[in-house]
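Structure record follows, encoded as structure tokens.
What follows draws every value from the coordinates through simple rules; no lab data is involved. Fair warning: this is a prediction, and the values are worked out from it, not measured in the lab. Cβ atoms come from the backbone with ideal geometry, glycine included; neighbour counts cover every protein chain shown.
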Amino acid sequence: MPEIPLVPAHWRFPAHPTSARHARHAVTASLPRALRPHLGDDIGLLTSELVTNAIRHGACREEEEVIELVLWPADGHYWLAVSDPGTGTPTLTHPDANSENGRGLLLVDSLATAWTVRPRPTRGTSVIAGLSYAGAVDPAERSEGGDGKTGRVAPSRRRRSPPGG
């Protein structure tokens with residue numbers, strides 16, 4: 001019988017600046033307790049950066065648009081997709097020391113094991129970033145679907161994906 005995967009967590013937040021805080025708390029709280037000490041700070045920071053970027057650059061403030069988030073474990077990583085209705089493609093920049101903006105994706109690039117930008121099938125863009133949970137307990141082993149006894153350690157992989165690829 002095939003292993004049944006965990007159901008991804010999904011949220012929708014209004015495209016409003018306060019949503020970054022609410023999204024960060026929701027995503028961090030949805031991690032299995034055993035992984036929060038290992039991933040909580042990094043996934044919270046990734047969430048804040050990606051949601052803030054989606055609100056600033058991908059949503060039209062005159063319309064009542066939403067930012068969508070999906071979080072799921074796969075291949076030894078927790079993957080976070082943040083989607084907005086915009087058509088632009090986020091790009092990694094290297095601002096000078098005097099710039100007040102433009103460092104969000106640098107932070108994502110430094111924290112995430114891998115990340116990419118994908119167009120959505122109907123409308124909008126998703127930025128997907130993964131954090132390895134190597135060295136921590138595999139969430140499937142501690143969920144109702146796992147046996148809860150083995151405490152299997154997930155494999156570690158370090159790879160980067162360029163935007164769009």
Given Cβ point charges of +1 (Lys, Arg) and -1 (Asp, Glu) and nothing else, what value in debye, to the nearest 20, does the dipole of region 33-76 about its Cα centre take?
260 debye
Could I have the simple spin-label model distance between residue 30 and residue 64, label points 7 Å from Cα toward Cβ, reported in nm to one decimal?
2.3 nm
Rounded to 0.05, the calculated FRET efficiency for the beta carbons of residue 18 and residue 134 at R₀ = 35 Å is 0.55
Neighbourhood net charge (13 Å Cβ-Cβ; Lys/Arg +1, Asp/Glu -1) for residue 43:
-1
